[in-house]
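To start, the structure itself, in structure tokens.
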Amino acid sequence: MIAARTPAPDAAMFPFGRQRMRRTVPGAVAALALGLAMPVSCVVYGYGVGTWVFAVLWFLVLGGAGAFMAWVGWTDRNAYLAFDATGVWWWRNDTEHAVLAWDALDAVGLFWCSQGPGNSGHRLMSLELCPVGGVPQSDPALAPLTVEERSGVAGVSDRRYRIGIPVFATRHYGSALIEAARSRAAERWFGEHERSAGYLRVQDLIS
């Protein structure tokens, strides 16, 4: 891992956090507005105590949901994945970030599965990274990325790093992300391999 640096100016940048914030903020505002609707109606129309109790509960539920959505969007606003000549740059927040140099990786590729019924075209993807010499037993910066799962692919170790890419990101960035990873990884690229639905855990997702 390389610390205290930022991706090169010509890096392929994928700012998941900003994209997610654009999606969550409207929902947060709508939830807060709906939460306030009932208390405001009580004031305007002078409803009784029973209605006020319901209005307060209504506001706590919807207002809390809106506040939570806003908080999640804000805390993850800087999350990104980037590829440059140095390696793979992963940033979730100030305490969870790392960069893996290409020279420290044996194999790089993508696993994916369909999301939704039938052939909807929506995919969950994960970047699979196999470090030279295997995953170290103690590395707090990279511990959140470590998975142990049978790869089923020759040359791809069962214990490796995984960066999950959510559906909204694959819709927004499309094949650009795949091409950026493939072109930078060069001879280390082992391709794209389909997996059964559910292989990717929620905690694996970058955002």
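The table for this structure:
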{"read-out": "Enumeration of residues in the stretch 41-56 that are under 38 Å from the mean Cα position of the chain (by Cα) and open to solvent by 80 Å² or more (accessible area, probe 1.4 Å)", "value": "F54"}
{"read-out": "The stretch 160-179, subset of a type in the set (D, E, K, R) and surrounded by 14 or more Cβ atoms within 10 Å (Cβ to Cβ), residue nearest to R20 (Cα to Cα)", "value": "R162"}
{"read-out": "Filtered residues of the stretch 180-204 (kept if open to solvent by 20 Å² or more (accessible area, probe 1.4 Å) and in contact with a helix residue (DSSP H, G or I) (Cβ under 9 Å, 6 or more places away or on another chain))", "value": "R184, A186, R188, W189, E192, Q203"}
{"read-out": "Residue that is nearest to M13 (Cα to Cα), among those in the stretch 140-154 that are open to solvent by less than 50 Å² (accessible area, probe 1.4 Å) and part of a strand (DSSP E or B)", "value": "T146"}
{"read-out": "Which numbered condition S157 fails, given (1) crowded, with 20+ Cβ neighbours inside 10 Å; (2) in a loop (DSSP other than H, G, I, E, B)", "value": "(1)"}
{"read-out": "Candidate set: the stretch 108-125, residues that are under 17 Å from V147 (Cα atoms) and open to solvent by 10 Å² or more (accessible area, probe 1.4 Å); chosen: the one modelled with the lowest pLDDT", "value": "L124"}
{"read-out": "Residue list for the stretch 18-35, filter: within 10 Å of L62 (Cβ to Cβ) and surrounded by fewer than 16 Cβ atoms within 10 Å (Cβ to Cβ)", "value": "A30, A33"}
{"read-out": "Residue in the stretch 65-88 that is in contact with a strand residue (DSSP E or B) (Cβ under 7 Å, 6 or more places away or on another chain), farther than 14 Å from I163 by Cα and surrounded by fewer than 13 Cβ atoms within 10 Å (Cβ to Cβ) present", "value": "no"}
{"read-out": "Where a residue in the stretch 86-103 is within 13 Å of M13 (Cα to Cα) and its partner, wherever it lies, is among the β-branched types (V, I, T) and surrounded by 20 or more Cβ atoms within 10 Å (Cβ to Cβ), with Cβ under 6 Å and at least six apart", "value": "G87/V99; W89/V99; W90/I163"}
{"read-out": "Search result, residues across the stretch 180-200 that are outside any helix (DSSP H, G or I) and farther than 25 Å from R22 by Cβ", "value": "W189, F190, G191, E192, H193, E194, R195, S196, A197, G198, Y199"}
{"read-out": "The stretch 23-40 residues that are of a type in the set (D, E), paired with ones that are open to solvent by less than 70 Å² (accessible area, probe 1.4 Å) and part of a helix (DSSP H, G or I) (beta carbon under 6 Å, 6 or more apart)", "value": "none"}
{"read-out": "Selection within the stretch 160-179 - closer than 13 Å to L110 by Cα, part of a helix (DSSP H, G or I) and under 13 Å from the mean Cα position of the chain (by Cα)", "value": "T170"}
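The values are calculated or read from the model by the stated rules, or taken from the named source; none is laboratory data. Just so you know, these numbers come straight off a predicted model, no measurement behind them. Cβ: placed from backbone, ideal geometry, glycine included. Neighbour counts: every protein chain shown. With ligands, DNA and RNA removed, areas are computed over all heavy atoms of the protein, side chains included. Shrake-Rupley method; radii C 1.70, N 1.55, O 1.52, S 1.80 Å.
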